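A.B. asks: Have a look at the structure that comes next, please.
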Amino acid sequence: MVSMYVATVPNRSSPPAILLRESYREGARVKSRTLANLTKWAPAKIEALRRLLHGEFAGPGRVEFRPLVPSDRVAIRDLLVRCGNFRPDEMDVAIELVDESLQPTGVEDYHFVIAVLDGCVVGYSCFGPVPLTDGVWDLYWIAVDPAVQGHGVGGSLQAATERHIRSAGGRLVLAETSSLPSYESARTFYLHKGYQLLERIADFYRPGDDRLTFGKRLEATKLVPKSL
Ligand SMILES: CC(C)(COP(=O)(O)OP(=O)(O)OC[C@H]1O[C@@H](n2cnc3c(N)ncnc32)[C@H](O)[C@@H]1OP(=O)(O)O)[C@@H](O)C(=O)NCCC(=O)NCCS
């Protein structure tokens with residue numbers, strides 16, 4: 001399925017470029033391309049288009065958010081496979097966290113928010129408090145079905161996740177991701193949702209695959225990396 005969205009691309013020395021882009025599937029991979037440069041459009045017109053593209057999705061139903069239930073296990077694995085950028089061992093770890101969370105142990109290391117559209121799981125997030133910190137939470141996974149990516153589901157899911165963390169006393173959310181091209185949507189997504197790149201460890205996952213840590217304070221203040 002092809003999906004269109006408006007992307008804001010920061011520029012170092014000039015105002016951000018506003019692009020109309022589309023993501024599409026090529027074999028197992030999800031790719032994206034620019035359709036038009038909207039930078040010279042009036043802001044109100046850009047906002048109207050952005051709303052229209054998000055609203056297009058609102059037609060068949062409304063996305064709802066709920067906690068994890070046992071039947072989500074299969075849906076989550078299917079969703080991760082369809083995303084196309086996760087290795088089998090990474091997906092195994094994601095499912096281990098699901099299994100752990102479904103155990104009635106009483107320890108809440110892993111929390112989940114499940115996004116549901118018309119009865120189908122279309123996205124999920126998995127997150128938890130970092131031990132021995134005061135209010136720091138890790139966002140371990142966030143994924144949206146490629147069929148509905150670029151229509152605001154990820155943004156709403158992130159907002160629901162942050163509400164959950166805030167209500168549990170969290171003040172800082174960290175999200176680690178890879179520097180590989182297949183994680184570009186995740187990196188752009190975090191930047192668009194108010195996260196800042198705090199740390200980069202070269203060759204962390206494997207040679208040529210750096211670990212990037214994005215962070216967001218849930219209070220009004222912005223994070224300032226001390227020295228990078
Ligand atoms: C990252 C991800 C969760 C975003 O979900 P989504 O439903 O597509 O996100 P939204 O439609 O809410 O878009 C949110 C913002 O990201 C931008 N965006 C979304 N997809 C994008 C893409 N492919 N390229 C550039 N920007 C993109 C949108 O323009 C939007 O910006 P805005 O709020 O300023 O309009 C989704 O792309 C995904 O599941 N990716 C694969 C899994 C993954 O890599 N997860 C992260 C690591 S665990």
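The values are calculated or read from the model by the stated rules, or taken from the named source; none is laboratory data. What you see is a predicted model; the values in this text were computed from it and never measured. Here Cβ is always computed from backbone atoms with ideal geometry, including for glycine, and neighbour counts include all displayed protein chains.
A.B. asks: Among the residues of the range 162-185, is any within 10 Å of the ligand (Cβ to nearest atom) and touching a Gly at 6+ places or on another chain (Cβ under 6 Å)?
C.D. replies: Within the range 162-185 (the criterion being within 10 Å of the ligand (Cβ to nearest atom) and touching a Gly at 6+ places or on another chain (Cβ under 6 Å)), the answer is no, since none of the residues qualifies.
A.B. asks: Does L157 meet the test of being more than 11 Å from the ligand (Cβ to nearest atom) and either at pLDDT 95 or above or exposed (fewer than 15 other Cβ atoms within 10 Å of the Cβ) (or both)? First the steps, then the outcome.
C.D. replies: Numbers: more than 11 Å from the ligand (Cβ to nearest atom): no; either at pLDDT 95 or above or exposed (fewer than 15 other Cβ atoms within 10 Å of the Cβ) (or both): yes.
In short, no.
A.B. asks: How do the pairs read when you match residues in the range 151-166 that are among the acidic types (D, E) with residues anywhere that are near the ligand (Cβ under 7 Å from one of its atoms), using Cβ under 6 Å and keeping only pairs 6 or more apart or on different chains?
C.D. replies: none
A.B. asks: How many of the residues making up the range 140-181 are more than 18 Å from Y195 (Cα to Cα), polar (S, T, N, Q) and not in a helix (DSSP H, G or I)?
C.D. replies: The qualifying residues number 1.
A.B. asks: Could you tell me which numbered condition R87 fails, if it satisfies all but one of (1) away from the ligand (no atom under 16 Å from the Cβ); (2) loosely packed, with under 14 Cβ neighbours inside 10 Å?
C.D. replies: Here R87 clears every test but (1).
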